[in-house]
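Notes follow once the structure below has been shown.
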Amino acid sequence: MSGLDINNLKNTFQNAINLSGSPGAVSTSPTQSFMDTLPRRMSSSKHAKVLKPFSTGDMKILLLENVNQTAVSVFKEQGYQVEFYKSSLPEEELIKKIEDVHAIGIRSKTKLTANVLKHAKNLVVIGCFCIGTNQVDLDYATNHGIAVFNSPFSNSRSVAELVIAEIISLARQLGDRSIELHTGTWNKVSHKCWEVRGKTLGIIGYGHIGSQLSVLAEAMGLHVLYYDVVTIMALGTAKQVPTLDELLKKSDFVTCHVPATPETKNMLSAPQFAAMKDGAYVINASRGTVIDIPALVQACKANKIAGAALDVFPHEPGKNGAGAFNDDLNSWTSELVSLPNIILTPHIGGSTEEAQSAIGIEVSTALTKYINEGNSVGSVNFPEVSLRSLDYDQENTVRVLYIHHNVPGVLKTVNNILSNHNIEKQFSDSNGDIAYLMADISNVNQSDIKDIYTELNQTDSKISIRLLY
Ligand SMILES: NC(=O)C1=CN([C@@H]2O[C@H](COP(=O)(O)OP(=O)(O)OC[C@H]3O[C@@H](n4cnc5c(N)ncnc54)[C@H](O)[C@@H]3O)[C@@H](O)[C@H]2O)C=CC1
Ligand SMILES: O=C(O)CCC(=O)C(=O)O
């Protein structure tokens, strides 16, 4: 059904890997064997029918924050109109741009708040070309029938590798030695510089990134403890601890890998720093809200904490450029940058060629399947619904995509409307307050399509409708 040229897609992916400049053999996520299954997963038959939407003009896609070119290729191959920006946009400009687009692709900087989304009259789907979805008002999107997709693990390895580099860099004060030598100062010291072998790493949040980090850390001889709100199988000889306090008391390095939620806000603050070992190190490559930075500054000044590596901040600049990271953005900036052994990086945990290329393909493919077929598998806010493709030779068949409030009696009403036609197949599922129905109906004349649309549009429980034919 999808008009994607799968072979070309695979080549694009392969080219991105080959061009990455990464030395030697490259292990990718998704792996090549995973990519080899793309043709089967994306379209079960090359005779699948390419569907076009009723009452939607040409698809317009807005891509922000330098989303990888693999995504641009996938969308252009579909014939969609793509508008591409390297940075995020100021809110006013974003509101103007989002008014008439059908899909938007963002990374972590663009805030899709209710205030922004309420201007998006045609928006069908949001693609977060990253793991985190906290930058999107998911409730608003769900209640207005906008599906949201992300890439749940394609940059996890990149983050884990960055954290490994930071553990050693903090233990050896590499950041400071490098800055000193850049400015001509030779400072050969071993005081309070340590090997990491035999030290304890405390991981807060043992999900995709935390568990990947655990494996890498053990290979370097670190002991791993982790704390998570759910019980998770330990990898290697890592041990789950029952409380955050226990992890803090026993760890030489504490690293955060939890999502931004109300529960994780300032999860590490003054009492938690006080509970840590003297001379412990703190790492945060999750979200800027997770660590109370003014409290961290105080703990460093008191020599309680021997160093920290921060990749994420409560407020981050919308685009690259000199002078963007300053006290206007976060009031504590000057104080933080003046401290010793503080490694600061501009939210680059997931910024590798491998991760960005894979995310570009993964998310653009999910969006394309949702736009072209209504397939919501992988959505973070919608029930996961899919139907097998329509065959090329299935004439007069319409695919109904009906997003509705999850209340009793809806199927009866909808099927009444569809009952003059043959319902070839149907799948419905719900997720909290919303539900999603996909149905393929046959024996539909072109002239009936508008009537079906009008009747469905008048139903009380409707959130949004698309008809593909
Ligand atoms: N710096 C960067 O460039 C990147 C940052 N991230 C951030 O890292 C976060 C973690 O990513 P993944 O490991 O893929 O997520 P994940 O969802 O696989 O794992 C998160 C883990 O945190 C646990 N958790 C949730 N709330 C908790 C709490 N209050 N206390 C303890 N544990 C809790 C969950 O049970 C889960 O096991 C993402 O949400 C994202 O914000 C992700 C990718 C790149
Ligand atoms: O690469 C990005 O822009 C965001 C990475 C990130 O924080 C995420 O994947 O959640």
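Quick notes on this structure:
- Of all residues in the stretch 102-120, exactly one satisfies the criterion of being more than 14 Å from ligand 2 (Cβ to nearest atom) and either at pLDDT below 95 or of a type in the set (Ser, Thr, Tyr) (or both), namely THR113.
- Search result, residues across the stretch 251-264 that are crowded, with 17+ Cβ neighbours inside 10 Å and more than 9 Å from ILE283 (Cα to Cα): SER251, ASP252, HIS257, VAL258, ALA260, THR264
- Boolean, LEU244 is of a type outside the set (Lys, Arg), over 20 Å from ALA171 (Cβ atoms) and within 13 Å of ligand 1 (Cβ to nearest atom): yes
- Residue that is nearest to ligand 2 (Cβ to nearest atom) [pool: residues in the stretch 283-321 that are more than 21 Å from SER108 (Cβ to Cβ) and part of a loop (DSSP other than H, G, I, E, B)]: LYS304
- Being under 17 Å from ILE203 (Cα atoms), more than 21 Å from the chain's Cα centre (by Cα) and surrounded by fewer than 18 Cβ atoms within 10 Å (Cβ to Cβ) holds for only one residue in THR333, THR237, and it is THR237.
- Here LEU213 clears all of (1) free of Cβ contacts under 8 Å to residues at least 40 places away in the same chain; (2) surrounded by 23 or more Cβ atoms within 10 Å (Cβ to Cβ); (3) aliphatic (A, V, I, L, M) except the condition numbered (1).
- Selection within the stretch 455-469 - modelled with pLDDT under 95 and not in a strand (DSSP E or B): TYR469
- When GLY221, GLY202 are checked against the criterion of being of a type outside the set (Phe, Trp, Tyr), outside any loop (DSSP other than H, G, I, E, B) and assigned by the TED database to the domain that holds ASN284, GLY202 stands alone in meeting it.
The values are calculated or read from the model by the stated rules, or taken from the named source; none is laboratory data. Just so you know, these numbers come straight off a predicted model, no measurement behind them. As a convention, Cβ positions derive from the backbone with ideal geometry for all residues, glycine included, and neighbour counts pool all protein chains shown.
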